[in-house]
Amino acid sequence: MNDLSPRPQGKSDPTLPSWVFWRFLHRVFFATVIIVVAGPMALHADEAADDAAKGQAAFDRKDYNGAIADFSDAIHLDPRSAGNLTGRAFAYLMKGDFDHTIADCTAAIRLDPNDDEAFDHRGYAYLEKGDYDRSIADSNEAIRINPTIPTIYNNRGSAYYRKRDYARAIADFTDAIRLNADYALAYFNRGAALDDKGEHDRALADYNDAIRLNPRLAPAYSNRGAAYLNAGDPDRAIADCTEAVRLDPSLLDAYTTRSLAYDRKGNFDQAIADSTETIRLSPKSASGYLQRVVANLEKGDFDRAISDCDEAIRLDSKSYRAYSLRGAAYDKKGDRDRAMADYDEAVRLEPHSPIAFLIRANAKESEGDFDGAASDYLSGLGLNAAKQAYPQFHLTLVLRRLHRDEAPAGLTKALTNWKEGWPKTVGRYLTGDLPEADFLVEAVKGDAKTVREHQCEADYYVGMTHLINGDAAVARTFLTRCIDTQVTNFTEFNLAKAELARLQVAN
């Protein structure tokens, strides 16, 4: 059986239960006995069995080339043994030779239509080739033949995961755990699916179990670090990613998450260092350059950000994120024409991405194109089932200043489902449920960094409320206070600058 770790992508070297190999060897020798009884075809059965045993021993040593050679000898002596073909297929699989894996498994299935391992290995190979439907079909057959093997459910769950069918993926990983309560990788995989589904607390619990069962499972630390980061705990994220890198210095996801965590803490140089490491490890991938762009934007090095975006676009000309980020860099430099051209290209490349619309909406609002901003905010929110809080805040304000019905922003309805925390506090203020004085008091709770960020946002939203209500003098005071926080990486800071510039012109 095969184990697949769906995130980070790529093939793992599975550690398999001994009973899996025993079942495999049992079938090889059982097939040999049948041939012995059958007559002339069994003349070389003993030699074939010896070669198969040598192949299995080589496989156990991770000498996959040796295993392939030994199983090939066994197949030559006994071409009617499905087990030998399946054994060689597994060795090809571990080498990443998926075409030969598929060919051998297909031949094995032709000889033995009930060879569940052949279906499973072929399903894994199809999975790695990106043919998820065939992978699932083969896993279905393997489960029909033998519904008691946990790794088959894990593999099918991984195919569903890659298809973003998280409900079915979670169900399969749960079945794998039901069949083997100590299956660390199934906990890890289920955690990844729960994470991507937005159920971060349940994901965190699964990562904890995966690490408890296998403390050397580096991706589990990396993913748990990402879950901590999503929960607003960058320090734990950094600690987990550091452990992941110690266990596996080539784990890209760990560097990426740690870079984001350092960025969150304002340690931009360390964030850039981690992004640079991802580029070194994967120089043909655009993602490392884009992560470094984020840190350089935060640091205020817009020219380097643009340079990295250029490289990312060279590597992936269809990367809407690269155009979005380059647009942001041009925006920061005051080159609004180039910025808007990049934002437009991002939306053209990915018309189903809420992020592309929401970034362009911010730019249009900054430019004073409130109709265009409202349209893009609505498009972005319509594509985002989770209905992000801050786009709802901005759309609410834009609709108010346009004297339109603000119900399409959905803020009042959304608030009922939000957990207590700062976004809900902002939402309660904007809907009139929290008085201004109380809102400003809430903004100064927490550590120094949190207070500065919350004050930036609170001053902006209070200032905008006064501006929309026609009190420009008070609005100017709060918008200036927002600028004074110098939280330059926040949308509110940049929008406040734009509003103050308009107020200056108006006077």
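The values are calculated or read from the model by the stated rules, or taken from the named source; none is laboratory data. What you see is a predicted model; the values in this text were computed from it and never measured. Every residue, glycine as well, gets a Cβ built from its backbone with ideal geometry; the counts of neighbours run over all protein chains shown. Just the protein is used for accessible areas: all its heavy atoms, side chains included, with ligands, DNA and RNA removed. Shrake-Rupley method; radii C 1.70, N 1.55, O 1.52, S 1.80 Å.
Note on segment 171-194: residues that are surrounded by 23 or more Cβ atoms within 10 Å (Cβ to Cβ) and either hydrophobic (A, V, I, L, M, F, W, C) or part of a helix (DSSP H, G or I) (or both) total 13.
Each row is one residue, and each column tells you yes or no for (1) aromatic (Phe, Trp, Tyr); (2) out of contact with any Lys or Arg (no Cβ under 7 Å at 6 or more places or on another chain); (3) modelled with pLDDT of 95 or more; (4) closer than 28 Å to Lys197 by Cβ.
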residue	(1), (2), (3), (4)
Asp240	no, no, yes, yes
Gln270	no, yes, yes, no
Asp274	no, no, yes, yes
Pro283	no, yes, no, no
Lys299	no, yes, no, no
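The requirement of being under 23 Å from Asp133 (Cβ atoms), free of Cβ contacts under 8 Å to residues at least 40 places away in the same chain and of a type in the set (Gly, Ala, Ser) is fulfilled nowhere in segment 220-239; no residue meets it.
Test Leu378 against the stated conditions and say whether it is in a helix (DSSP H, G or I) and under 30 Å from Met340 (Cβ atoms). Yes.
Identify the residue in segment 470-497 that is open to solvent by less than 60 Å² (accessible area, probe 1.4 Å) and among the small types (Gly, Ala, Ser) and, among all such residues, is nearest to the chain's Cα centre (by Cα). Applying the filter and picking the extreme gives Ala496. Scanning segment 319-328 for residues that are in contact with an Asp or Glu (Cβ under 8 Å, 6 or more places away or on another chain) and among the aliphatic types (A, V, I, L, M) turns up just one, Ala322.
Residue count for segment 31-64 under the criterion of being in a helix (DSSP H, G or I), at pLDDT below 85 and more than 15 Å from Ser81 (Cβ to Cβ): the result is 1. In this structure, Phe71 does not qualify as buried (at least 24 other Cβ atoms within 10 Å of the Cβ), under 34 Å from the mean Cα position of the chain (by Cα) and within 21 Å of Arg122 (Cβ to Cβ). Counting only helices (runs of 4 or more DSSP H) that fall entirely inside segment 413-507 and contain at least 1 residues that are closer than 21 Å to Ala328 by Cβ and in contact (Cβ under 8 Å) with a residue 24 or more places away in the chain, the qualifying elements are 448-468, 472-484, 491-506. If the condition is being of a type in the set (S, T, N, Q), assigned to a loop (DSSP other than H, G, I, E, B) and farther than 16 Å from Ile109 by Cα, then segment 124-170 contributes only Thr148. Among all residues of segment 52-67, there is none that is aliphatic (A, V, I, L, M) and within 31 Å of the chain's Cα centre (by Cα). Screening segment 327-353 for residues that are within 22 Å of the chain's Cα centre (by Cα) and in a helix (DSSP H, G or I) and picking the one that is surrounded by the fewest Cβ atoms within 10 Å (Cβ to Cβ) gives Leu349. Which fully enclosed helices (runs of 4 or more DSSP H) of segment 197-286 have 2 or more residues being of a type in the set (S, T, N, Q) and within 18 Å of the chain's Cα centre (by Cα)? Helices (runs of 4 or more DSSP H) meeting the threshold: 218-230, 252-264, 268-281. Of all the numbered requirements in (1) part of a helix (DSSP H, G or I); (2) under 30 Å from Arg178 (Cα atoms); (3) under 33 Å from the mean Cα position of the chain (by Cα), Ala108 misses one, and that requirement is (3). Candidates are the residues of segment 87-105 that are open to solvent by 20 Å² or more (accessible area, probe 1.4 Å) and in contact (Cβ under 8 Å) with a residue 60 or more places away in the chain; the one that is nearest to the chain's Cα centre (by Cα) is Gly96.
When Ala373 is tested against (1) open to solvent by 10 Å² or more (accessible area, probe 1.4 Å); (2) more than 15 Å from Tyr460 (Cβ to Cβ), only condition (1) is not met.
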